[in-house]
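Written below as structure tokens is the structure these notes are about.
The values are calculated or read from the model by the stated rules, or taken from the named source; none is laboratory data. Values in this document were obtained by computation on a predicted structure and should not be read as measured data. We place every Cβ from the backbone using ideal geometry, glycine too, and count neighbours over all the protein chains shown. Note: areas computed on protein heavy atoms with side chains; ligands, DNA, RNA excluded. Shrake-Rupley method; radii C 1.70, N 1.55, O 1.52, S 1.80 Å.
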Amino acid sequence: MALKTRLHAWGDTLEEAFEHCVEAMFGYMTELDTVEMTETQEIEAEGEDMLSLLFHLLDEFLFLFSAEPFFIAKKIKITEFDRENFTIRATGYGEQFSLDKHPQGTEVKAITYSNMQVHETGDVKHVYVIIDI
């Protein structure tokens, strides 16, 4: 049976909440204060709605970590957020993961749709995502 944990992120804007959610995922993988922002990686993600857009954003960054270049991001910045066509462009700031430098945290195996939530009402925007660890 796979273990699961829930990410909860928030921000003044939905973009900030999405950015913080990706950063929270990377925070499970290592201690982010050991990550230097010496490299950038750009991703594009698209979905059919806000939930699938959030899913694909996280999945694209998980793929960058799981395969070459084994990239771990300390900070995420969304550069384009198209709410009508459900597309995102984002830049991750970090470096290549190295066990010599970065303590190994919890392996994130997959992003799930289980109980995923995006709340845009109110002053603070919230997102909730359950990940398999």
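The table for this structure:
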read-out: Inter-residue pairs, beta-carbon under 6 Å, first part of a loop (DSSP other than H, G, I, E, B) and in the stretch 1-28, second open to solvent by 10 Å² or more (accessible area, probe 1.4 Å), 6+ apart; value: 2/132; 3/133
read-out: Strands (runs of 3 or more DSSP E) (entirely within the stretch 49-133) containing at least 1 residues that are in contact (Cβ under 8 Å) with a residue 40 or more places away in the chain, of a type outside the set (A, V, I, L, M) and farther than 20 Å from residue 11 by Cβ; value: 87-96, 125-132
read-out: Candidate set from the stretch 29-45 (those that are part of a strand (DSSP E or B) and over 12 Å from residue 77 (Cβ atoms)); member that is least open to solvent (accessible area, probe 1.4 Å); value: 45
read-out: Test result for residue 91, open to solvent by 50 Å² or more (accessible area, probe 1.4 Å) and out of contact with any Gly (no Cβ under 6 Å at 6 or more places or on another chain); value: no
read-out: Whichever residue in the stretch 52-69 is open to solvent by 40 Å² or more (accessible area, probe 1.4 Å) and at pLDDT below 95 and, among such residues, is nearest to residue 33 (Cα to Cα); value: 66
read-out: Matching option when the condition is in contact with a strand residue (DSSP E or B) (Cβ under 8 Å, 6 or more places away or on another chain), modelled with pLDDT under 95 and under 23 Å from residue 132 (Cβ atoms), among 22, 108, 118, 35; value: 108
read-out: Residue tally, condition surrounded by 13 or more Cβ atoms within 10 Å (Cβ to Cβ) and in contact with a helix residue (DSSP H, G or I) (Cβ under 8 Å, 6 or more places away or on another chain), over the stretch 94-109; value: 7
